[in-house]
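K.L.:
Have a look at the structure that comes next, please.
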Amino acid sequence: MLSATSVALRGGTRRAVRPLVTSIAASSSSSPSLAGRRQTLNSQNISTQFLATPSRRGRGYATTTNPNPPLGKKNASNDVPSRVALIGARGYTGQALIDLLNEHPYMDLRHVSSRELAGQELQGYSKRQIIYENLAPEDAVQLDKDGKVDCWVLALPNGVARPFIDAFDSINSKSLIVDLSADYRFDDSWTYALPELTKRSAICQATRISNPGCYATGAQLGIAPMLEYLGGAPSIFGVSGYSGAGTRPSPNNDLNRLKDNLAPYSLTGHIHEREISRHLGTPVGFMPHVASWFQGIHLTINLPLNKTMTSRDIRHIYQDRYAGEKLIKVVGEAPLVKNISGLHGVEIGAFTVDSTGKRVVVCVTIDNLNKGASTQCLQNMNLALGYGEYEGIPTM
């Protein structure tokens with residue numbers, strides 16, 4: 001349980017802020033507000049601008065030494081536990097996030113909601129006993145009004161989150177909300193938060209975060225360093241394990257259909273194709289497939305170039321752009337799905353240039369349940385709640 005001091009510190013804000021010198025207990029009557037924490041960030045010379053605002057114009061990513069370095073423990077402004085509620089806890093992503101929260105020193109999971117599991121005890125969480133609830137939007141709003149939740153995570157299917165968001169908006173909730181669906185990835189009033197590409201200080205100030213999709217995360221990380229060198233539209237061939245199709249039975253998680261098979265689907269106009277194109281600011285072609293393994297994604301990305309380049313040139317661009325990133329590993333060979341499955345980062349490699357020097361193929365692997373969903377969610381929660389960015393996350 002949270003201490004009386006922790007509760008007192010939350011009196012006027014959704015989180016407490018650690019003073020630079022004095023202890024939490026000694027400063028409980030004068031803890032800075034959220035606005036105060038943002039002012040502190042600014043005073044530490046952390047830019048409050050996006051690398052480029054998520055918009056139809058897209059981001060203007062730098063391709064020199066990382067212009068958007070990670071915010072580690074030295075940048076943390078909070079050491080008080082945050083109370084978390086998870087709506088949509090039955091799915092693979094929800095379960096993966098519960099595992100991460102169980103090991104996090106500051107995340108205090110209080111509520112898990114699942115219509116199918118309501119009344120059952122949450123398994124695999126050791127910090128406290130939690131019983132699944134079936135929270136309706138009005139139930140969530142009441143918990144929020146009573147000040148019992150600091151962060152809401154919505155791990156719901158696409159198209160289901162809006163009643164909850166409308167309910168929170170109706171009371172002008174100040175709690176942090178992270179949505180894992182695609183519902184708000186095209187909404188400029190939300191912060192589309194891919195920490196390695198979105199300005200981290202903007203995520204620190206956000207209260208409405210749209211978590212990027214799994215394919216979209218891997219593809220953007222694989223393309224972003226080369227934006228200024230593109231000579232045409234990138235083409236992305238993607239293959240995911242069947243966990244990406246969710247727990248509800250469908251042809252794309254039917255193991256009999258997938259045995260000894262590779263199944264293409266939504267070969268044009270996939271929502272991730274639109275997501276990638278919007279946030280990179282350049283059109284892409286995306287061709288997804290599902291395979292018989294459980295988790296992990298492989299992306300083979302074809303990039304036409306506007307100038308002659310060598311494989312070494314290109315690899316150095318990626319190494320410079322992702323310098324210091326603890327969840328991105330730039331490798332020489334093409335990365336393999338079996339080596340990323342269960343891990344929490346991304347591997348980028350191959351950098352194979354054709355004989356003209358004006359086309360390169362880059363390969364990316366990412367675990368769709370981890371960095372493609374739950375790990376990235378926790379990364380964003382850490383930033384927005386004032387903890388070290390990698391707190392509770394096994395790094396690469």
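K.L.:
Could you check, for the stretch 245-254, whether at least one of its residues is within 22 Å of the chain's Cα centre (by Cα) and surrounded by 21 or more Cβ atoms within 10 Å (Cβ to Cβ)? Talk me through it step by step, then tell me what you get.
P.N.:
Going through the stretch 245-254, the residues within 22 Å of the chain's Cα centre (by Cα) turn out to be 245-247.
Subset that is surrounded by 21 or more Cβ atoms within 10 Å (Cβ to Cβ): none.
No, there is no match, as no residue in the stretch 245-254 is within 22 Å of the chain's Cα centre (by Cα) and surrounded by 21 or more Cβ atoms within 10 Å (Cβ to Cβ).
K.L.:
With the structure loaded, tell me whether residue 246 is out of contact with any Asp or Glu (no Cβ under 9 Å at 6 or more places or on another chain) and closer than 21 Å to residue 377 by Cβ or whether it fails that test. Full working, then the answer.
P.N.:
Numbers: out of contact with any Asp or Glu (no Cβ under 9 Å at 6 or more places or on another chain): yes; closer than 21 Å to residue 377 by Cβ: yes.
The answer is yes for residue 246.
K.L.:
Let me ask something else. Scan the stretch 308-326 and report the pairs whose first residue is under 15 Å from residue 70 (Cβ atoms) and whose second residue is of a type in the set (Phe, Trp, Tyr) and surrounded by 15 or more Cβ atoms within 10 Å (Cβ to Cβ), with Cβ atoms within less than 9 Å and a gap of 6+ or a chain change.
P.N.:
What qualifies is 321/61; 326/390.
K.L.:
Another one. How many residues are farther than 11 Å from residue 238 by Cβ and open to solvent by less than 30 Å² (accessible area, probe 1.4 Å) when one looks only at the stretch 266-276?
P.N.:
Number of matching residues: 1.
K.L.:
Also, I was wondering about something else. If I filter the stretch 88-119 down to residues being of a type in the set (S, T, N, Q) and out of contact with any strand residue (DSSP E or B) (no Cβ under 7 Å at 6 or more places or on another chain), which single residue comes out as least open to solvent (accessible area, probe 1.4 Å)?
P.N.:
Step one: filter the stretch 88-119 for residues of a type in the set (S, T, N, Q), giving 93, 95, 102, 113-114.
Then drop every residue that is not out of contact with any strand residue (DSSP E or B) (no Cβ under 7 Å at 6 or more places or on another chain), which leaves 93, 95, 102, 114.
Values: 93: 34, 95: 59, 102: 24, 114: 6 Å².
Among them, the one singled out is 114.
K.L.:
Considering only residues that are in a helix (DSSP H, G or I) and either among the hydroxyl-bearing types (Ser, Thr, Tyr) or in contact (Cβ under 8 Å) with a residue 40 or more places away in the chain (or both), which ones fall in the stretch 373-391? Full working, then the answer.
P.N.:
So in the stretch 373-391, the residues in a helix (DSSP H, G or I) come out as 373-385.
Matches in the stretch 373-391: 373, 374, 375, 376, 377, 378, 379, 380, 381, 383, 384, 385.
K.L.:
Among the listed residues 341, 277, which satisfies the condition of being at pLDDT 95 or above and under 15 Å from residue 230 (Cα atoms)? Explain how you work it out, then say what you get.
P.N.:
Details: 341 fails: under 15 Å from residue 230 (Cα atoms).
Within the list 341, 277, the selection yields 277.
K.L.:
Only residues in the stretch 91-105 that are at pLDDT 95 or above count as the first member; pair them with residues that are open to solvent by 60 Å² or more (accessible area, probe 1.4 Å) and not in a helix (DSSP H, G or I), Cβ under 7 angstrom, at least 6 apart or cross-chain, and list the lot.
P.N.:
Matching pairs, first to second residue: 102/126; 102/127.
K.L.:
Which pairs have Cβ atoms under 7 Å, sit 6 or more apart or on different chains, and link a residue in the stretch 261-279 that is more than 11 Å from residue 215 (Cα to Cα) to one that is modelled with pLDDT of 95 or more and crowded, with 20+ Cβ neighbours inside 10 Å?
P.N.:
So the pair list comes out as 262/239; 263/290; 265/288; 265/290; 266/288; 277/284; 279/192; 279/220.
K.L.:
Take residues that are out of contact with any Phe, Trp or Tyr (no Cβ under 7 Å at 6 or more places or on another chain), at pLDDT 95 or above and within 19 Å of residue 236 (Cβ to Cβ) and tell me which of the strands (runs of 3 or more DSSP E) falling wholly in the stretch 285-331 contain 1 or more.
P.N.:
Values: elements: 285-290, 297-304, 328-330.
The qualifying strands (runs of 3 or more DSSP E) are 285-290, 297-304.
K.L.:
Which pairs have Cβ atoms under 8 Å, sit 6 or more apart or on different chains, and link a residue in the stretch 132-144 that is among the polar types (S, T, N, Q) to one that is buried (at least 17 other Cβ atoms within 10 Å of the Cβ)?
P.N.:
Note: pairs meeting the criteria are 134/113; 134/114.
The values are calculated or read from the model by the stated rules, or taken from the named source; none is laboratory data. Since we're looking at a predicted model, the values are computed, not measured. Note: ideal-geometry Cβ built from the backbone for every residue, glycine included; neighbour counts use all protein chains shown. Areas reflect the complete protein model, heavy atoms only, side chains present, ligands, DNA and RNA absent. Shrake-Rupley method; radii C 1.70, N 1.55, O 1.52, S 1.80 Å.
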